[in-house]
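The values are calculated or read from the model by the stated rules, or taken from the named source; none is laboratory data. From a predicted model like this one, the values you see are computed outputs, not experimental measurements. Glycine gets a Cβ as well: all are built from the backbone with ideal geometry, and neighbour counts include every protein chain shown. Remember, those area values only see protein heavy atoms, side chains included, never the ligands or the DNA or RNA. Shrake-Rupley method; radii C 1.70, N 1.55, O 1.52, S 1.80 Å.
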Amino acid sequence: MHRAPRVVIVGAGFGGLKAARSLADAPVEVPLVDRNNYHLFQPLLYQVATAGLAPEQIARPVRAILRSQPNFTFRLAEVLAVDLDGRALQTDDGPVRYDHLILVVGGETATFGIAGLQAHAKGLKGLADAVAIRNHVLRCFEKAAAERDYGERSALLTFVVVGGGPTGVEMAGALAELMRHVLVGDYHELNFSQVCVELVEAAEHIL
């Protein structure tokens with residue numbers, strides 16, 4: 001019996017979903033592989049990081065998005081390597097064979113080789129990153145509320161956002177809004193003139 005070609009897609013982001021949908025009417029099998037079983041709407045990650053949205057509000061199950069596509073299947077696995085000669089993905093859940101391969105795996109936060117950045121800065125690429133930033137901000141306010149030294153308290157209440165593109169500008173603005181309109185009502189012991197959000201951009205202009 002003739003088997004339909006397998007077009008394996010790695011990555012359930014915007015590119016992966018677009019690729020899968022474009023093959024909906026093609027005579028092929030479309031297995032999609034991702035280490036998470038949800039599609040993340042990354043443009044709103046900054047809202048989760050600043051407590052404007054809950055994580056589940058920007059994540060939707062991949063199976064639910066493509067459930068009406070008969071040739072689509074989903075595999076929850078992390079890709080470890082690609083065997084180009086053998087036409088197979090090596091994953092933490094066993095091999096996944098393919099006839100054609102589409103890699104749409106996204107990107108990583110660039111640190112530009114700056115010493116200490118990888119260890120001390122927080123990126124914003126996934127839900128875990130956003131939740132970590134949100135928790136960090138709230139921890140800093142709790143520590144500042146108990147800190148009696150003016151300089152130490154100012155340091156705890158200073159937040160630096162690096163990158164003046166859309167995400168950076170939105171993040172800085174949402175942080176300022178969170179602090180000036182929400183946290184100000186929760187931390188009466190703090191002097192909010194000490195709160196500072198700095199936006200750093202290498203270019204001459206933001207956005």
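Quick look at the numbers
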read-out	value
Pair list, Cβ < 6 Å and 6+ apart or interchain, from segment 91-113 residues that are within 30 Å of A202 (Cβ to Cβ) to residues that are of a type in the set (G, A, S)	V104/G11; V104/G15; V104/G16; V105/G11; G106/G13; T109/G123
Residue match in segment 70-88 (condition: outside any strand (DSSP E or B) and of a type in the set (S, T, N, Q))	yes
Selected residue [of a type in the set (F, W, Y), modelled with pLDDT of 95 or more and either surrounded by fewer than 12 Cβ atoms within 10 Å (Cβ to Cβ) or under 30 Å from N135 (Cβ atoms) (or both)] from Y46, Y98	Y46
Test result for A202, assigned to a helix (DSSP H, G or I) and not basic (K, R)	no
Verdict on E56 being within 28 Å of L138 (Cβ to Cβ) and either out of contact with any helix residue (DSSP H, G or I) (no Cβ under 7 Å at 6 or more places or on another chain) or open to solvent by 60 Å² or more (accessible area, probe 1.4 Å) (or both)	yes
Residue in segment 34-52 that is under 22 Å from D92 (Cα atoms), among the small types (G, A, S) and within 14 Å of the chain's Cα centre (by Cα) present	no
Where a residue in segment 183-207 is over 19 Å from V161 (Cα atoms) and its partner, wherever it lies, is part of a helix (DSSP H, G or I) and of a type in the set (K, R), with Cβ under 8 Å and at least six apart	L190/R153
Residue within segment 2-13 that is within 29 Å of N135 (Cβ to Cβ), open to solvent by 80 Å² or more (accessible area, probe 1.4 Å) and at pLDDT 95 or above present	no
The listed residue being of a type in the set (G, A, S) and without any contact (Cβ under 8 Å) to a residue 60 or more places away in the chain, out of A49, A59, A121	A121
Residue within segment 116-125 that is touching a Pro at 6+ places or on another chain (Cβ under 9 Å) and not acidic (D, E) present	no
Unique match (being open to solvent by 90 Å² or more (accessible area, probe 1.4 Å), charged (D, E, K, R) and either in contact with a Leu (Cβ under 9 Å, 6 or more places away or on another chain) or over 19 Å from D34 (Cβ atoms) (or both)) among R75, R87	R87
